[in-house]
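**Student:** One structure coming up, written as structure tokens, with questions to follow.
Since every read-out is calculated from the coordinates, none of them should be taken as a lab result. The model shown is predicted, which means the values in this text are computed figures rather than measured ones. Note that each Cβ is placed from the backbone with ideal geometry, even for glycine, and that neighbours are counted across all protein chains shown.
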Amino acid sequence: MTKNNIFLLLVASGILFCNVVKAESFMVMQFNDNVKIVLSPDKCEVAGYRAAAQRVSGEFLKGCWSGKEDIITIKWEGGDFSDFPLKAFNPEDI
């Protein structure tokens, strides 16, 4: 099983509702060989929208993202933040 298939399986299992998997659109960036960053259209509790950095090993870091012009800013748990160009993300149905 490839790391992409493992990632998709983990995300799909996380969005199970009433035993039905619903495909949702996300924006995804391959950060490096081991990490994908996923932007969700779901609202964050604090501000912005949900984000996650997902490692191939299954570990993940949650955050909240917002966009201004062509820059996506993610505020990670613990207080760090990252800025990425919007064009680094591609739509993906998961």
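**Student:** Measure off 7 Å from each Cα along the Cα-to-Cβ vector at F60 and E24, then give the distance between these two points in nanometres to one decimal.
**Tutor:** The two pseudo-label positions are separated by 0.9 nm.
**Student:** Could you check the simple spin-label distance between E92 and D70, using points 7 Å along Cα→Cβ, in nm with one decimal?
**Tutor:** The two pseudo-label positions are separated by 2.3 nm.
**Student:** Ignoring solvent entirely, what values of log10 I(q)/I(0) come out of the Debye formula for the range 35-90 at 0.27, 0.28 Å⁻¹ when each Cα is a single scatterer?
**Tutor:** For the requested q values the scattering log ratios are -1.18, -1.24.
**Student:** Given R₀ = 22 Å, what would the calculated FRET efficiency be for S82 paired with V46, taking r from the Cβ atoms and rounding to 0.05?
**Tutor:** Using R0 = 22 Å, I get an efficiency of 0.85.
**Student:** For C44, which sequence-distant residues (separation of 5 or more, or a different chain) have an amide H within less than 5 Å of its own amide H, given hydrogens modelled in the peptide plane?
**Tutor:** Distant-sequence amide H within range of C44: Y49, R50.
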